[in-house]
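This report refers to the structure that appears directly beneath it.
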Amino acid sequence: MNHAETPAIRIDGMTVRYGRRVAVDTASLTVPRGSVYALLGRNGAGKSSLVRCALGQQRATSGNTEVLGEDSWKHRTRLMERIGVVAEDADAPPEMRVQQLADFCASLYSRFDTKAFDARLDRFGIAKQTRFGDLSKGQKKQVSLALALATTPELIVLDDPTLGLDVVARKSLFDEVIAELADRGTTVFLTTHDLTGVEHIADRVAIMNDGRIVLEEELETLKARFRRIRFAAQPVALDAASFRTALVRNWGAGTEAIVSNYDDLAFERLRSNATIQSADVSAMSLEEIFIAVAGEKQ
Amino acid sequence: MSHVLAIARRDLAERTSVFIAAAVLAVLPFVLPAVPGVRAFSYTDVVTTVGAIVAIGFTLGLALVLGVTMIGRDLSEKRMSFYFSKPLSASAIWFGKLIAAIVTLVVCFVVLFFPSYLAGTTSWQRSWNLELPVAFAIVGGAALVLLLFGHVFGTMFRSKSPLVALDVALMAGAALAIAAIIRPLLEGFAGDLTTRVAFTLFAALMLILLACGAWQLAHGRADRRQNHYALSRFVWVSLAIVLVVAGLFTAWVVNVSPSDLKTVNVSQPEEGSWSFVFGQAKHRMDYHALFLYDLASGKSMRLHGIRSWFSSGLSRDGRTVAYLQLPDYRAMEGELYTVQPGTSGESVDTQIAVSRYSEFVLSDDGARLAVIDGNGLLTAYELASKKALASVRVPNTARTMRRLFFVSPELLRIYIQSPQFPTMKVAEHGVDIYEFDVRARSLAHTGQLRTDAKHLGLAVSADGKRALMVADRDSSATARIVDARTGQLIAEAPAEGLMHTTLLADGSIATLKKDASMQWTLNTGGKQIPVGKSTQLFFARELAGGRLVLNGASNLVVVDYVHGAVLRTDFDSAMTSFSYPQWYAADPRRSVADASQPLAVHQKGVLYAMQPLSGEKKEMFRF
C-alpha cells in the first residue's frame with residue numbers, strides 16, 4: 001500500500017474501559033485520506049475517548065490504531081508534527097496570550113505558518129495580546145483552530161468543535177475548515193453534534209451509540225438508502241417488500257416507517273398493493289437519520 | 001532539548017506574578033526594623049535574620065506548591081492534552097516543567113535572600129554560622145525534596161483514585177522496609193556505613209522521583225488516573241528493586257562469622273570454654289560484631305546489638321550469658337538478653353530495660369540477674385519467670401565504679417565508690433560495701449574501704465571472702481588485702497597498679513615490677529622471681545597448682561610461684577595481642593582456672609588457643 005492509499009486513520013477493534021464501564025466497544029473505522037469524516041454520537045457515546053486514543057493521548061484497553069500509517073500510541077510525538085488538533089475543551093493555558101501561544105507553537109513545528117495564523121486571527125477579529133482565558137468560548141475554538149491549521153497539517157482532528165458556539169461562530173469555524181480543504185485537501189476527522197453544519201462538508205460519516213460504531217459509510221449513500229415512508233393506515237407489510245426498518249411508529253391515524261434500504265422500484269410495488277390506501281416517501285436529513293439510528297431508543 | 005526549553009520558557013512566562021511577589025517580599029526585611037518594638041534590635045541583625053527566614057520559608061513553601069501543581073493541576077483541569085497534541089515527548093514536558101520550577105525557585109530565593117544578605121554579611125554569618133554554599137545546598141536540597149514529593153503526592157491525591165489507599169499502604173511498607181534495612185546496621189554500631197546506606201537510599205529515591213515524572217507522562221499521558229497508575233507503578237517497582245538490593249546488601253553485611261572480622265579482639269572469662277570474640281568486619285566499613293566462641297568445639301554464636309564484651313557477662317558456671325542489646329549505637333537504653341550458648345543457642349529477651357550505664361551480673365547458676373543503674377537502683381530478677389524479686393536504692397552512688405555479685409542466690413554484695421559524679425577523686429571517701437538480702441528485701445551497710453588514692457581497682461577471691469584493693473596515687477600504688485564483706489585490713493603491700501597486682505588463690509598478694517632495663521620481677525609471699533625482659537607484662541590468670549600466667553603483647557610466661565620458678569617463656573613477635581582479662585567486669589571475683597587456654601592473635605590473621613604449660617598453639621580460625 002503506497003502512501004496515498006494508506007488511510008489517514010484506521011481503527012481496528014478499539015475498546016476503552018474505565019473500570020467496569022465500557023466507553024468504546026470494539027470500534028473499527030477507516031478515514032480515507034483527503035476525506036471529511038464525521039463521527040456522530042450522543043453525549044457519552046464514546047466519541048472523545050475514541051479521539052483521545054486515536055491521537056495517542058490515552059491508551060486504549062485493546063485494539064489497534066494507525067494514524068497516517070503509524071501506531072499513534074508508539075509514534076505520537078512524531079505524528080503530532082503532521083496533525084492539527086482542536087480539543088473538545090479549550091485546553092491551552094489560560095494565562096498565555098494568543099501571541100505567546102503562537103510563538104510557543106512556532107517553536108515546536110517546523111512548518112508553522114505564522115502569516116496564515118495572523119490572517120485567520122484577523123478574520124476572526126481576535127487581538128493577539130488577549131489572554132486565552134479571557135476569550136469567549138467561540139474565540140477559544142477559533143484560536144485553537146487557527147493554531148491547528150497554522151501547522152499545515154496532513155490531518156486535522158476536531159473534537160466537537162462547535163459545542164456551545166452560536167450560529168455565527170459555528171459558520172465561521174466551518175468556513176475556515178472548508179477553505180483549508182479547498183486550499184490543501186487536508187483530511188478532516190471531526191466529532192460533532194452539529195449535524196446540519198457537518199452535512200454540507202462531510203464525505204463519510206459514522207454513528208456511535210453506547211460505545212459501538214453502529215453505522216459507517218459515505219454520506220451520499222447513507223442519505224440515498226434512508227427514507228421516511230408514511231402510510232395513511234396500518235399495519236403495513238414492509239417486510240414483504242424487502243424493506244429493512246430502522247424505526248416504525250404511529251403517525252396520527254397512520255404509520256411512519258424509516259427504512260434503511262430504500263429503492264424506488266420496491267416502493268412502487270408496495271404502493272401498488274391494493275390494501276394500501278396511500279403511501280408517501282420523503283428524503284431524510286442527516287439529523288433525522290441520526291435520530292432514527294441513535295436517538296429513538298432513549 | 002529545544003522542546004524542553006520551549007516548555008520551560010512557557011512555564012516561566014506564566015510565573016511573572018510569583019517573581020513580583022518575591023520582589024515585594026524582599027523589601028520586608030528592610031521595612032521591619034522601623035516597626036516599634038523591633039527598633040530595639042540591631043538593624044542589620046533584623047534585616048539578615050528576617051531576610052533569611054522569608055527567603056527560606058517562601059522558597060520551601062513555593063517548592064511544595066510547584067511540586068503539587070506543575071503536572072497535577074494540568075491533569076486535573078484536563079489541560080495536559082494541550083501538550084500531548086503537540087510534537088512534544090513526555091520527557092520534554094516533564095523536564096521542561098521541572099527546569100522551570102527549579103529556575104523559579106532559584107530566582108525567588110536569590111531575589112529574596114541576597115539584598116538582606118548583602119546588607120549585613122558579617123551579621124548573617126554570625127547569626128547562622130553557616131558557609132554560604134552549605135546554606136544554599138541545604139535549602140536547595142530541601143526545596144528539591146519538597147518539589148518532587150509534592151509532585152508525587154499531587155499526582156496521587158488529585159487522581160481521586162482508590163489506588164491512593166494502596167499507595168499509603170506501600171508508603172508504610174517502604175518505611176518499615178527502610179527501618180528493617182537500617183536497624184541491623186545501627187545494631188552493628190556502623191555509624192558511617194549506616195550514613196552511607198541511608199544517603200544512597202535517599203539518592204536512589206531522588207533519582208526515582210526525578211525520573212518518575214517522565215515515565216508517568218509517557219505512560220499516563222493526558223489521563224489523570226492513568227498518570228497516577230503509571231507513577232505508582234514506576235515508583236513502587238523501582239523502590240522495591242532498590243530496597244531489595246539494599247536489603248540483600250544489609251543481609252550480606254550482617255551475615256558475618258568470626259573469620260570475616262578485619263580486626264579480632266578477644267576477651268576471655270576465667271572460667272568455662274566460651275570467650276568473646278569481637279571486632280570490625282572486613283569490607284563493611286565500621287560494622288562491628290561480637291561472637292561467643294567456644295574454644296572446645298570451635299563453634300561461634302553471634303550476639304546482636306552489642307559491640308564488644310562490655311555490657312555482657314557470663315555466669316560463673318560458664319553456661320549463661322547476659323548482654324545488653326542496644327537498638328542503635330547512640331541509644332542510651334536497651335534490653336537485656338540471655339543466651340545459653342552451649343545448649344539452645346537462642347537469645348531470650350528478658351524484657352528488662354536498662355540504661356547504658358547500668359551494671360548487671362548473673363548468679364553463679366545463671367538463674368538470677370541483678371542490675372544496678374546509674375542512680376543506684378538495685379533490682380534482682382528471676383530469669384525463668386522474668387519477674388523482679390526485689391529492689392532497693394543503694395545510697396551514695398557514683399558512676400565511676402559499681403561492682404556486685406551474688407554471694408548466694410538470695411544475697412547480693414555491692415561495692416560502691418562513694419564520691420558523686422563527676423568528681424573522680426576517691427581520696428576523701430573510698431568504697432562502701434553493702435549486702436542486699438533479696439528474700440528479706442533488706443539492705444545492710446557492711447563495711448567501708450578507705451583510701452587516699454585517685455583511682456581504685458578491686459578484685460574479690462572466688463569464695464567472696466577476701467578482696468584486693470589497689471589504690472593508685474599520683475606516684476605510687478598500694479595493694480591491700482581486706483575482708484571482702486567488712487573492708488577490714490588484712491595485709492598491705494606496695495604495688496604497680498591493678499594489672500600488675502593480683503589476688504592469689506591462697507589469699508596472698510602477687511605483684512609485678514619492672515626495672516629501668518625492662519626486667520620484670522614477680523613478688524609473692526616474700527619471694528622475688530625474675531620473669532624476664534619485656535616492654536609490657538601483666539597478670540593474665542592463675543592456674544591450678546600455684547601457677548601464674550603472665551603475658552605481654554607478644555610473650556607468655558608461666559611461673560610456679562610456690563616453688564619460685566619460671567616454667568615456660570614463649571615469645572613470638574608475630575603475636576600481636578593476647579586475650580584481655582575481664583578487669584572491668586561487673587563481677588569482681590577472680591578464680592583459678594584448671595585448663596585455661598589464653599587466646600592469642602597472630603599478625604597473619606590467625607587466632608590461636610595457647611596451652612600455657614606445653615606451649616602448644618592450636619589454630620582456632622583464620623580471619
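Readers should treat all values here as calculations from the given coordinates under stated rules, not as data from a laboratory. Quantities reported herein were computed from a predicted structural model and do not represent experimental measurements. Neighbour counts are summed over all protein chains in view; Cβ atoms, including those assigned to glycine, are modelled from backbone coordinates with ideal geometry.
Taking only the alpha carbons of region B:553-623, what extent do you get along each of the three principal axes, in Å, biggest first?
For region B:553-623, the Cα extents along the three principal axes come out at 36, 33, 19 Å.
From the P(r) of region B:481-591, can you give the percent of Cα pairs sitting at distances over 20 Å?
Considering region B:481-591, 39 percent of its Cα-Cα pairs are separated by more than 20 Å.
For the residue pair A:Asn43 and A:Lys171, what label-to-label distance in nm results when each label sits 7 Å from Cα along the Cα-to-beta-carbon direction?
2.7 nm
Straight-line reach only, C-alpha to C-alpha below 13 angstrom: list the aspartates and glutamates that B:Lys262 could link to, leaving out same-chain residues fewer than 8 apart.
Partners found: B:Asp286.
Could you rank the peptides A:278-286, A:80-88 by their average count of other C-beta atoms within 10 Å per residue, with the highest value first?
A:80-88, A:278-286
When only DSSP loop residues count, what trypsin sites (Lys or Arg not before Pro) in region A:125-199 have their Cβ near at most 13 other Cβ atoms within 10 Å?
Here no trypsin sites (Lys or Arg not before Pro) fit, given the DSSP loop and packing criteria.
Could you state the per residue volume, in Å³, of the convex hull enclosing the Cα atoms of region A:116-211?
112 Å³
For B:82-94, what's the mean count of beta carbons from other chains sitting within 10 Å of each residue's beta carbon?
So the per-residue partner count for this stretch is 6.
Quick one: Karplus J couplings for region B:187-196, per residue in order, coefficients 6.51, -1.76, 1.60, θ = phi - 60°, nearest Hz, x for Gly and Pro?
Working through the residues one at a time gives 5, x, 6, 9, x, 5, 5, 4, 4, 5 Hz.
Could you calculate, for chain A, the ratio of the Cα radius of gyration to the Kirkwood radius, expressed as Rg to Rh?
Rg divided by Rh gives 1.05.
When the Kirkwood hydrodynamic radius is evaluated over all pairs of different C-alpha atoms of region A:46-169, what value in angstrom, to one decimal, is obtained?
Hydrodynamic radius (Kirkwood, Cα pairs) of region A:46-169 is 15.1 Å.
Show me the ranking of peptides B:383-389, A:259-265, B:185-191 by mean Cβ neighbours inside 10 Å, starting with the highest.
The most tightly packed comes first, giving B:185-191, A:259-265, B:383-389.
Could you run the Karplus curve 6.51 cos²θ - 1.76 cosθ + 1.60 with θ = phi - 60° over region B:503-511 and give me ³J(HN,Hα) per residue in whole Hz, x for Gly and Pro?
Along region B:503-511, the couplings run 9, 7, 4, 7, x, 9, 9, 10, 10 Hz.
Note down the nm distance, to one decimal, between modelled labels 7 Å out along Cα→Cβ at A:Thr114 and at B:Ala331.
Label at A:Thr114, label at B:Ala331, 6.9 nm between them.
Bins of 5 Å, beginning at zero and ending with the bin holding the largest distance: percent of Cα pairs per bin for region B:193-280, please.
Bin by bin from 0 Å, the calculated values are 3, 12, 15, 13, 11, 9, 8, 7, 6, 5, 5, 3, 2, 1, 0.
Against the empirical 2.2 N^0.38 Å scaling, what ratio does the C-alpha Rg of region A:24-118 come to?
Ratio of Rg to 2.2 N^0.38 Å for region A:24-118: 1.23.
In nm², what is the average projected area of the convex hull enclosing the Cα atoms of chain B?
In nm², the orientation-averaged hull projection of chain B is 38.1.
Which whole-number percentage describes the relative contact order of chain B, with Cα contacts under 8 Å and a sequence gap of 6 or more?
It comes to 8 percent, rounded to a whole number.
Give the angle, between 0 and 90 degrees and rounded to the nearest 10, that separates the Cα long axis of helix B:90-119 from the longest principal axis of the Cα atoms of chain B.
80 degrees
Averaged over A:80-93, how many beta carbons belonging to a partner chain fall within 10 Å of each residue's beta carbon?
4
Hey, what do the phi angles of region B:240-246 turn into as Karplus ³J(HN,Hα) couplings, whole Hz, using 6.51/-1.76/1.60 and θ = phi - 60°, x for Gly and Pro?
Here the 3J(HN,Hα) series is 4, 5, 4, 5, 5, 4, 5 Hz.
Report P(r) for the protein assembly as shown: all Cα-Cα distances, bin width 10 Å, range 0 to the bin holding the largest distance, values in whole percent.
In order of increasing distance, the bins hold 2, 9, 13, 13, 11, 9, 10, 9, 7, 7, 5, 3, 1, 1, 0, 0 percent.
How large is the Rg to Rh ratio of region A:132-183 when both quantities use alpha carbon positions and Rh follows Kirkwood?
0.95
At 1.002 mPa s and 20 °C, plugging the Kirkwood radius over alpha-carbon pairs of region B:17-148 into Stokes-Einstein gives what diffusion coefficient in µm²/s?
D = 132 µm²/s.
Binning at 10 angstrom from zero up to the longest distance, how are the C-alpha pair distances of region B:1-63 distributed in percent?
19, 36, 24, 13, 7, 1
Return the ratio Rg/(2.2 N^0.38 Å) for region B:41-117, where Rg is computed over Cα atoms only.
Computed over Cα atoms of region B:41-117, the ratio equals 1.49.
Only helical DSSP H runs with n ≥ 4 go in: add -39500 (n - 2.57) per run for the protein assembly as shown, normalise by residue count and round the 222 nm mean residue ellipticity to 500 deg cm²/dmol.
Value at 222 nm, helices only, nearest 500: -10500 deg cm²/dmol.
Which percent, to the nearest 5, of DSSP beta bridges fully inside region A:152-222 are antiparallel?
55 percent
Need one word for region B:267-364: rounded, prolate or oblate. Basis is the Cα gyration tensor (sqrt eigenvalues a ≥ b ≥ c); a/c below 1.5 gives rounded, then a/b vs b/c decides.
Because a/c hits 1.5 or more and a/b fails to exceed b/c, region B:267-364 counts as oblate.
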